[in-house]
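The values are calculated or read from the model by the stated rules, or taken from the named source; none is laboratory data. Bear in mind the structure is a predicted one, so any value in this text is a computation, not a measurement. Because the Cβ atoms are built from the backbone with ideal geometry, glycine has one as well, and the counts that use them run over all protein chains shown. With ligands, DNA and RNA removed, areas are computed over all heavy atoms of the protein, side chains included. Shrake-Rupley method; radii C 1.70, N 1.55, O 1.52, S 1.80 Å.
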Amino acid sequence: MSKATDDGTVIAIQANYYWVRLDQFPKTPLLCTRRTRLKKIGQKVMVGDRVKVELPASLLPLVKQGQQSVNFADLAEGDLGAIAKLYPRRSVLERPPVANAEQICLVFSLADPPLDVWQLSRFLVQAEATGLRITLCLNKRDLVDATAIAHWQDRLQGWGYDPVLVSVHNSEGLEPLRHRLEQGTSLMAGPSGVGKSSLLNALVPGIEQRVKQVSGKLRKGRHTTRHVELFTLPNGGLLADTPGFNQPDLVIDGAKLIQLFPEVRHQVTTQSCFFKDCLHRGEPDCAVSSDWERYEHYLTFLAEALQQQTPEGQRDSEIGVKTKTGSDGQEYGEPKLEPKKYRRPSRRQTHQDLQEFYGEDGIERLREESEEEEP
Ligand code: GDP
Ligand code: ZN
């Protein structure tokens, strides 16, 4: 018998269970296991993955009725979906581990804490290195005057960015920001204290209830466990807050560093330097000028990058993941903390998490079903 399926997006991972937002029933996520054949071919499911899900039996009558919205809490307890197929990824971010992200929403504040240009520049360079689109969001505009606002707008335009200035406190600027987030999957990153959590609460109505319903204990522990979770925005689009992206490491190839500065990128693409391996720090006939504000950032980051590229530097600059090439030829990020057992929550913890959602009977069925996975 062929099973009813629907495609969806993995929005959170909890132990060996996956929360999937189904395309057909986007309002509430469905808890899923993963078919054994995916494990066998070494396919690791990531948050952000597009997957095909075999629907649980109790959902089928609703599918037949063409129902658009289901409260999964009404399903039989412990009734799970099963991820049967993983679709090819358009992008893979290693830290945090997220698939198919398109944009990084970098959040800084104009005051409290004051905007530190070196820190901002570091975050920007790190974000550029992912190859994703960048939206720069400057929060707490209520704390600064019009002169300061104009100053930052001009200055950052000089860096090649068009920042969105917002205030979570008085809701100013939130509409343009929502507009920039309404396509695809975006990650929110930035230093602490700038208002990322406040912003997430403003952008995702009902997030408190959803977090409670979906994640249970997962969220409480997220500062230590570095889980990533995707939230659905009201106008479309998915947004992740990204623990683990808050301290950029700047592990970057020195020779490519210049490409990560949008304000001078065109100088190296339209015109070439005399030396093929020019590092643009005063070599003769260099295509890159020196009269731009962040030139000194460039030189400093370059020195750091070159330092890391020496054998000595490399030992200190391990990034938080290693990459593995999958059987499909794609590279996948793996958490550095091996063996996996160390990262997996204890059985008891997982049991408690699931119990909160499914109750004791549900847990029994969960266990049976996950053991029942195809041989
Ligand atoms: P996070 O560490 O980036 O998640 O920052 P939080 O969301 O925890 O916010 C840090 C502090 O900034 C809190 O006290 C917030 O109330 C405050 N805050 C957030 N947004 C704004 C804003 O738009 N204006 C002002 N004045 N304060 C804000
Ligand atoms: Zn050059």
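Things to note:
- Selected residue (criterion: farthest from residue 257 (Cα to Cα)) from residues of region 119-159 that are open to solvent by 40 Å² or more (accessible area, probe 1.4 Å) and touching a helix residue (DSSP H, G or I) at 6+ places or on another chain (Cβ under 7 Å): 141
- Checking 199, 165, 124 one by one, the residue that is more than 13 Å from ligand 1 (Cβ to nearest atom) and outside the structural domain of residue 293 (by TED's automatic domain parsing) is 124 and no other.
- Condition met for residue 134 (more than 16 Å from ligand 1 (Cβ to nearest atom), touching a residue at least 24 places away in the same chain (Cβ under 8 Å) and not in a loop (DSSP other than H, G, I, E, B)): yes
- Residue 29 fulfils the conditions (1) within 22 Å of residue 93 (Cβ to Cβ); (2) out of contact with any Lys or Arg (no Cβ under 6 Å at 6 or more places or on another chain) except for a single criterion, (2).
- Against the numbered list (1) hydrophobic (A, V, I, L, M, F, W, C); (2) part of a loop (DSSP other than H, G, I, E, B); (3) under 26 Å from residue 298 (Cβ atoms), residue 111 comes up short only at (3).
- Contact annotation: residue pairs with Cβ atoms under 8 Å, 6 or more positions apart or on different chains, pairing a residue in region 255-269 that is outside any helix (DSSP H, G or I) with a partner that is charged (D, E, K, R) and surrounded by 15 or more Cβ atoms within 10 Å (Cβ to Cβ), are 261/128; 261/294.
- Scanning region 163-199 for residues that are in a loop (DSSP other than H, G, I, E, B), under 27 Å from residue 89 (Cα atoms) and out of contact with any strand residue (DSSP E or B) (no Cβ under 6 Å at 6 or more places or on another chain) returns 182, 183.
- Pairs meeting the criteria (first residue in region 116-127 and under 11 Å from residue 190 (Cβ atoms) and hydroxyl-bearing (Ser, Thr, Tyr), second residue open to solvent by 10 Å² or more (accessible area, probe 1.4 Å) and assigned to a helix (DSSP H, G or I), beta carbons under 7 Å, at least 6 apart or on different chains) are lacking.
- Per-region count, region 266-300, residues near ligand 2 (Cβ under 8 Å from one of its atoms) and of a type in the set (Phe, Trp, Tyr): 2
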